[in-house]
Amino acid sequence: TLIGILTILFTYLLAKELFDRRVALVSAFLLAVLPWHLNFSRFGMNGILTPFFAVLSMYLLARALRTRQWLDYVLAGLAVGLGMHGYLAFRVFPVVIVFYLAARLVTERRPFLKAQWRGILLGVLAALIAFAPLGWYGYKNPVAFGMRMESASVFTGKSQAEAIKAIQETASKHLLMFNYRGDGNGRHNLPGRPMLDDVTGVLFVLGIALSLWRWRRPGHPT
């Protein structure tokens, strides 16, 4: 529950860093009343650590890119490295960070790289240090380290054709999860209820479309 509450706080700080106070308040409110966030932050599974470390690390990274202070880069890296110790899903989040930095590089070009490359390298070093204990365990115990990922993988026990079909079905379910039909497991969700209500769902689709349309202005609030 505490992690869920802190996630709301850092969602506010992240949105304020990227946009403004109005967007931050709306973002924090929507997360605070989101049934999935309420549920997962209260029934004791460590999956709630993924959104927490995601918004924490992105907030610290965005702040570091603005302030260019070495401590902010270190804190952002530590958040990413510590997040790797939490729920397995966070292990793909560094890819999101890479895409974010690449987008900033494309839109700001050489001035961004010239001003930020030292700080980014410092953040990567801090992330590796924080991840090192888990990484060393994974190196010494590869079977135990990868057991859960292997058992949950859509590729396990399937032929190539079956794996492709499983990926298509999984992608379809996740895309429909937001507005049409959500998780059927009663432990995770009211069975079948979409992740978003009708109004928020429409705004979500419009927001995605607007973000793609204005991708060169990622900080534009409207």
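The values are calculated or read from the model by the stated rules, or taken from the named source; none is laboratory data. Note that this is a predicted model, so its numbers are computed, not measured. A quick note on method: Cβ atoms are made from the backbone with ideal geometry, for glycine too, and the neighbour counts reach across all protein chains shown. Just so you know, the surface numbers come from the protein's heavy atoms only, side chains and all, with ligands and any DNA or RNA stripped out. Shrake-Rupley method; radii C 1.70, N 1.55, O 1.52, S 1.80 Å.
Placing R0 at 41 angstrom, the Cβ-Cβ distance between Phe43 and Trp70 gives a FRET efficiency of 0.55 after rounding to 0.05. For Thr67, Thr1, the ranking by accessible surface with the largest value first comes to Thr1, Thr67, using a 1.4 Å probe. Averaging the Cα positions of each part gives two centres, and for the stretch 69-134 and the stretch 154-205 these lie 29 Å apart.
With all pairs of different C-alpha atoms in the average, the Kirkwood value for the hydrodynamic radius of the chain is 19.4 Å. Over all other residues within a Cβ to Cβ distance under 12 Å of Tyr73, the charged ones net out to +3, with Lys and Arg as +1 and Asp and Glu as -1.
Here the extension length gained between Phe99 and Glu150 equals 15.8 nm, from 0.36 nm per residue of separation less the Cα-Cα distance. When nucleic acids and ligands are ignored and a 1.4 Å probe is applied, Leu113 ends up with an accessible area of around 90 Å².
Calculated mean residue ellipticity at 222 nm for the chain: -24000 deg cm²/dmol, from DSSP H runs with n ≥ 4 weighted as -39500 (n - 2.57), summed, divided by the residue count and rounded to 500.
Take each peptide in 149-155, 25-31, count the other Cβ atoms within 10 Å of every residue, and average; sorted highest first, the result is 25-31, 149-155.
Solvent-accessible surface (1.4 Å probe) assigned to Ile164 amounts to roughly 80 Å².
Rg and Dmax over the alpha-carbon atoms of the stretch 95-222 stand at 20.3, 51 Å. For Val98, Val106, the ranking by accessible surface with the largest value first comes to Val98, Val106, using a 1.4 Å probe.
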